[in-house]
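Report on the structure given below.
The values are calculated or read from the model by the stated rules, or taken from the named source; none is laboratory data. The structure presented is a predicted model; accordingly, all values stated were derived computationally and were not measured. Reconstructed Cβ throughout: ideal geometry from the backbone, glycine too, with neighbour counts over all protein chains shown.
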Amino acid sequence: MAVNLDKPTRWKTDIAQSVDMYNDWFMKFAPDAFRSTRMQTTKDVETALHSTVNMTRIDPSIIREHPDILPTLRMSACPPLAADRLIGLSGVPANLVKSLELKKRLPSRMSSEVLDLELGKITSILEKMADPDIFIWLGRHEPVKDAEIHRAATIVADRLCGAVANPIIRNAQEKRQLATIKSWLEARGYKQIQSGENLHFDTMPNGTFSFRMNVPVKLDSGLKNVNIPVDAIIMPKKAKKHSLPIFFEAKSAGDFTNTNKRRKEEAVKMSQLRNTYGKKVQFNLFLCGYFDTGYLGYEAAEGLDWVWEHRIDDLALFGI
């Protein structure tokens, strides 16, 4: 039985209430989430500055020793450099920069000689473009002061956090959403299964739940299986023998544009789950924030139902 997907007359009211709930959370808690991340990032930048002798030694050996340092060095330039801009300026292979940025490691298939050559191109650009207004000690004879290092690290950390502000907020919101589901379930006698307990999703006991569990699915090609992460998996207390648990994806958004760009992601997961486990799969959304009628209509057409966080008791309508 559908819970919300077949009730479009309620959608606009729910959207308004959900936007209000998200904005209230954002004003109260998002600054703290951003601030705590910035504090840790500042410490990481200070460590990076120490590795480069306060930006006076930028050479291939630095990146070899600290492959994760490249984003800090990019944000230390004037102007700050996007990864693609750095690739264009230096003329290095894109896979080198992507390996350093995304995997935090050196590419495995590049010889040591070629690696040093390409890293040299990168460090040459970064050394020339180091921001003298941030690293005010460059070119002077006086020793660097601790206060100057901390100030510079804070500025670079702000640049780094600004580049990933949305993911920082989204991660904080997701943690809060899952904590809300956990509280609701435990208040009704459900027990959490930790991800490290090596229990497969389709052997979960009745009255249990788990977060961020991998579920194997078949690709459309049928050539191999892959694991897809599911935010919340709940086995109802009254589930029949051999029943599948109910899947939920926690979704939050601070603007309407971003949700409509990403709305196909959930439909793809639903398709993969149904292709693997049949049409009885229940894959639903747990929503908070800016989800407009266009987004809801798209998901409803794909057979996805949802629970609004501001009306979390709708979880009971799924038999939970």
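With the requirement that a residue be in contact with a strand residue (DSSP E or B) (Cβ under 6 Å, 6 or more places away or on another chain) and under 25 Å from Gln173 (Cβ atoms), what does the stretch 273-296 give you? Across the stretch 273-296, the qualifying residues are Leu273, Gln282, Phe283, Asn284, Leu285, Phe286, Leu287, Cys288, Gly289, Tyr290.
Suppose we filter the stretch 111-137 for residues that are assigned to a loop (DSSP other than H, G, I, E, B) and either touching a His at 6+ places or on another chain (Cβ under 6 Å) or not aliphatic (A, V, I, L, M) (or both); how many remain? Let's see the steps before the verdict.
Of the stretch 111-137, the ones assigned to a loop (DSSP other than H, G, I, E, B) are 111, 131-137.
If we keep only those that are either touching a His at 6+ places or on another chain (Cβ under 6 Å) or not aliphatic (A, V, I, L, M) (or both) as well, we get 111, 131-133, 135, 137.
The total comes to 6.
Of the residues Met235, Met270, only one is surrounded by 15 or more Cβ atoms within 10 Å (Cβ to Cβ), in contact with a Pro (Cβ under 6 Å, 6 or more places away or on another chain) and not hydroxyl-bearing (Ser, Thr, Tyr); which? It is Met235.
Checked against the criterion of being among the charged types (D, E, K, R), farther than 26 Å from Phe318 by Cα and not in a helix (DSSP H, G or I), the stretch 143-157 has at least one qualifying residue. In the stretch 34-42, is there at least one residue being without any contact (Cβ under 8 Å) to a residue 12 or more places away in the chain, assigned by TED's automatic domain parsing to the domain that holds Arg151 and over 21 Å from the mean Cα position of the chain (by Cα)? No, there is no match, as no residue in the stretch 34-42 is without any contact (Cβ under 8 Å) to a residue 12 or more places away in the chain, assigned by TED's automatic domain parsing to the domain that holds Arg151 and over 21 Å from the mean Cα position of the chain (by Cα). Please work out if Asp255 is assigned by TED's automatic domain parsing to the domain that holds Tyr22, out of contact with any Leu (no Cβ under 7 Å at 6 or more places or on another chain), surrounded by fewer than 20 Cβ atoms within 10 Å (Cβ to Cβ) and acidic (Asp, Glu). For Asp255, the condition - assigned by TED's automatic domain parsing to the domain that holds Tyr22, out of contact with any Leu (no Cβ under 7 Å at 6 or more places or on another chain), surrounded by fewer than 20 Cβ atoms within 10 Å (Cβ to Cβ) and acidic (Asp, Glu) - is met. Of all the numbered requirements in (1) of a type outside the set (Val, Ile, Thr); (2) free of Cβ contacts under 8 Å to residues at least 12 places away in the same chain; (3) not in a loop (DSSP other than H, G, I, E, B), Glu266 misses one, and that requirement is (2). Does the stretch 199-210 contain any residue that is assigned by TED's automatic domain parsing to the domain that holds Asp24 and either under 26 Å from Thr37 (Cα atoms) or touching a helix residue (DSSP H, G or I) at 6+ places or on another chain (Cβ under 7 Å) (or both)? Within the stretch 199-210, one or more residues are assigned by TED's automatic domain parsing to the domain that holds Asp24 and either under 26 Å from Thr37 (Cα atoms) or touching a helix residue (DSSP H, G or I) at 6+ places or on another chain (Cβ under 7 Å) (or both). Beta carbons closer than 6 Å, at least 6 apart along the sequence or on distinct chains, pair a first residue in the stretch 10-28 that is touching a residue at least 24 places away in the same chain (Cβ under 8 Å) with a second that is in a helix (DSSP H, G or I) for Trp11/Thr293; Trp11/Leu296; Gln17/His310; Ser18/His310; Met21/His310. Among the criteria (1) closer than 20 Å to Arg188 by Cα; (2) in contact (Cβ under 8 Å) with a residue 40 or more places away in the chain; (3) assigned to a strand (DSSP E or B), the one Phe211 does not fulfil is (2).
When Leu285, Leu296 are checked against the criterion of being surrounded by 21 or more Cβ atoms within 10 Å (Cβ to Cβ) and assigned to a helix (DSSP H, G or I), Leu296 stands alone in meeting it.
Sub-8 Å Cβ pairs linking a first residue in the stretch 77-89 that is within 18 Å of Thr52 (Cα to Cα) to a second residue that is at pLDDT below 90 and crowded, with 17+ Cβ neighbours inside 10 Å, at least 6 apart or interchain, are Pro80/Arg159, ordered by first then second residue.
If only residues of the stretch 120-158 that are under 23 Å from Glu65 (Cβ atoms) and of a type in the set (Lys, Arg) are counted, the one that is surrounded by the most Cβ atoms within 10 Å (Cβ to Cβ) is Lys121.
Identify, please: which residue in the stretch 94-110 is basic (Lys, Arg) and in a helix (DSSP H, G or I) and is, among those, nearest to the chain's Cα centre (by Cα)? Before the answer, list the steps.
So the first thing to find is which residues in the stretch 94-110 are basic (Lys, Arg), and the list is 98, 103-105, 109.
Okay, now just the ones that are also in a helix (DSSP H, G or I), so 98, 103.
Numbers: Lys98: 17, Lys103: 15 Å.
Among those residues, the one meeting the criterion is Lys103.
Got at least one residue in the stretch 243-256 being more than 25 Å from the chain's Cα centre (by Cα) and free of Cβ contacts under 8 Å to residues at least 12 places away in the same chain? Within the stretch 243-256, one or more residues are more than 25 Å from the chain's Cα centre (by Cα) and free of Cβ contacts under 8 Å to residues at least 12 places away in the same chain.
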